Amino acid sequence: MKNKNIIVNRNDVRSQSLDLLRFPLAVVVLIVHVFTISEVAFGGQRLNAEDFPLFVQVRNFLDAFLRGQSVPIYYFISGYVFFLGAEMTREVYVRKLRNRVKSLLIPYLIWTLLAVLLLIVFALAPLGQYRAEAPTLSLSWQGLLSAFWVYHGELEGRFVESTFPINVPLWFVRNLMVVVLSTPLLYWLLKRVKLYAVILLGLLWMIIPFSGVNTYSFEVSFFFFTCGAYMSVCKKDMVSTFSRCYRTSAMLYVALSFLYMAIEGSYPQLAIAVKQWNVLAGLFFAYGLSVWLLQHGVCKPNPFLSSASFFVYVSHSLIVYKIFKLLSLLICPYSDFTLLLVYLLTIVATLGTLLMLFNLLRRYMQKVLNVMTGKK
């Protein structure tokens with residue numbers, strides 16, 4: 001009986017630790033995206049944030065510690081949950097595909113169409129000082145379809161380098177849908193060669209960035225999804241595995257982050273490799289930290305924030321640049337301090353706005369919210 005209680009408790013820690021990670025990971029994505037904005041416009045002036053030394057130092061610090069960390073962990077969680085407690089039979093696969101239509105495909109279509117609609121509204125509406133920066137519409141079926149896979153600005157009559165849909169964060173969902181379709185093959189590999197399948201995909205993940213081949217980041221998707229799947233299919237104890245690695249991974253994560261900051265400008269190729277190991281260490285560190293926080297009673301998952309994480313993730317890019325421009329007009333950031341204040345307030349305002357909107361939808365339009373978020 002004692003052993004049974006231990007198993008229940010460990011399963012509870014495992015489940016809560018995954019829930020605890022969801023919202024902070026979405027906030028990390030928001031922070032990174034805000035600090036990718038480099039052009040600041042206000043009062044008829046245009047400044048380049050790169051000309052402000054303090055901004056550059058803060059941005060480089062955030063790049064080293066946060067950039068690229070969230071999505072691999074999301075893939076890991078997705079792979080782990082997909083195979084949890086089920087043998088991959090034909091019936092199970094079909095059932096899971098139907099569930100992913102609701103949780104992935106339908107939200108993907110909705111949030112992509114919302115991005116297209118906002119683009120059209122922004123282009124046509126008389127928005128005062130924003131009007132000069134509004135895009136020129138070039139509506140076509142080809143442009144509309146490109147918004148759902150890889151958008152190069154076709155609807156705006158321009159070309160930009162991109163590997164993302166029009167709603168940039170949705171690349172995670174786009175790739176995840178493809179990976180889910182491949183799960184029978186992944187399951188077969190994991191059952192027969194187990195860890196070697198993970199190692200093979202890990203090698204591809206490390207090599208491809210140096211090959212010059214455009215894979216739309218599918219190497220990231222398959223590797224980290226398979227890492228999570230391996231833990232489920234091979235029945236590994238996540239709590240004990242990650243807890244054992246917590247301190248080592250924490251030290252590696254911090255050390256590799258600072259190393260990346262030191263070499264990124266001078267040795268870009270080496271920095272790519274360092275960043276990959278940094279992301280891998282970050283996975284172990286993030287989950288180990290969440291387990292430690294739960295086991296020591298420091299905090300526990302907040303149901304509201306956990307349920308809002310997907311909403312924040314897929315919606316923030318629709319409003320964050322508008323909020324940044326508005327705050328730039330209000331504050332007129334001529335100094336390092338006021339510029340960083342604009343970035344900080346953009347993060348707070350975007351997050352606050354989305355949480356309030358999520359709460360309103362949950363209160364008054366629960367069914368609509370369920371469809372938009374796939375009941376997440």
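The values are calculated or read from the model by the stated rules, or taken from the named source; none is laboratory data. Being a predicted model, the structure only gives us computed values, none of them experimental. All Cβ positions, glycine included, derive from the backbone under ideal geometry; neighbour counts span all protein chains shown.
Selection of first residues in the range 61-85 that are touching a residue at least 12 places away in the same chain (Cβ under 8 Å) and more than 17 Å from Ser17 (Cα to Cα) and of second residues that are of a type outside the set (Val, Ile, Thr) and not in a helix (DSSP H, G or I), restricted to Cβ pairs under 7 Å at least 6 apart or on distinct chains, gives the following pairs, ordered by first then second residue: Leu62/Phe35. Of all residue pairs spaced 6 or more apart or on separate chains, those with beta-carbon atoms under 6 Å, a first member in the range 144-162 that is closer than 20 Å to Leu109 by Cα and a second member that is assigned to a helix (DSSP H, G or I) and among the acidic types (Asp, Glu) are Ser146/Glu154. Being within 30 Å of Arg247 (Cα to Cα) and either modelled with pLDDT of 90 or more or out of contact with any Lys or Arg (no Cβ under 9 Å at 6 or more places or on another chain) (or both) is a condition met by at least one residue of the range 313-322.
Screening the candidates Asn278, Asn214 for the property of being under 16 Å from Gly68 (Cα atoms) and in contact (Cβ under 8 Å) with a residue 24 or more places away in the chain yields one hit, Asn278. Among residues of the range 281-307 being touching a Ser or Thr at 6+ places or on another chain (Cβ under 8 Å), free of Cβ contacts under 8 Å to residues at least 60 places away in the same chain and hydrophobic (A, V, I, L, M, F, W, C), the one that is nearest to Leu351 (Cα to Cα) is Phe285. Taking the range 15-56 as the range and being assigned to a helix (DSSP H, G or I), touching a helix residue (DSSP H, G or I) at 6+ places or on another chain (Cβ under 9 Å) and of a type in the set (S, T, N, Q) as the test, the residues that pass are Gln16, Ser17.
Say we look at the range 313-357 and pick out the residues that are assigned to a helix (DSSP H, G or I) and among the aromatic types (Phe, Trp, Tyr); which of these is surrounded by the fewest Cβ atoms within 10 Å (Cβ to Cβ)? Show your work before the answer.
Within the range 313-357, the first condition is being assigned to a helix (DSSP H, G or I), and the residues that meet it are 313-331, 336-357.
If we keep only those that are among the aromatic types (Phe, Trp, Tyr) too, we end up with 313, 321, 324, 337, 343.
Values: Tyr313: 27, Tyr321: 17, Phe324: 22, Phe337: 10, Tyr343: 22.
Looking at residues that are assigned to a helix (DSSP H, G or I) and among the aromatic types (Phe, Trp, Tyr), I get Phe337.
Selection within the range 34-64: residues that are surrounded by 20 or more Cβ atoms within 10 Å (Cβ to Cβ) and not aliphatic (A, V, I, L, M). The member of this set that is farthest from Trp171 (Cα to Cα) is Phe52. Restricted to the range 188-211, and to residues there that are touching a residue at least 24 places away in the same chain (Cβ under 8 Å) and touching an Asp or Glu at 6+ places or on another chain (Cβ under 9 Å), the residue that is farthest from Lys275 (Cα to Cα) is Leu201.
For Phe76, state whether it is in contact with a Gly (Cβ under 6 Å, 6 or more places away or on another chain), modelled with pLDDT of 90 or more and hydrophobic (A, V, I, L, M, F, W, C). When the stated conditions are applied, Phe76 passes them.
Going through Ser257, Ser266, Ser232, Ser162 one at a time, which residue ends up being modelled with pLDDT under 95 and buried (at least 17 other Cβ atoms within 10 Å of the Cβ)? Before the answer, list the steps.
Working: Ser257 fails: modelled with pLDDT under 95; Ser266 fails: buried (at least 17 other Cβ atoms within 10 Å of the Cβ); Ser162 fails: buried (at least 17 other Cβ atoms within 10 Å of the Cβ).
None of the others qualify; the one that does is Ser232.
Given the criteria outside any loop (DSSP other than H, G, I, E, B), in contact with a Ser or Thr (Cβ under 7 Å, 6 or more places away or on another chain) and within 19 Å of Met372 (Cα to Cα), does Phe310 qualify? It is true that Phe310 is outside any loop (DSSP other than H, G, I, E, B), in contact with a Ser or Thr (Cβ under 7 Å, 6 or more places away or on another chain) and within 19 Å of Met372 (Cα to Cα).
Being surrounded by fewer than 16 Cβ atoms within 10 Å (Cβ to Cβ) and modelled with pLDDT of 95 or more is the requirement here; does Leu203 meet it?
Numbers: surrounded by fewer than 16 Cβ atoms within 10 Å (Cβ to Cβ): yes; modelled with pLDDT of 95 or more: yes.
So Leu203 passes the test.
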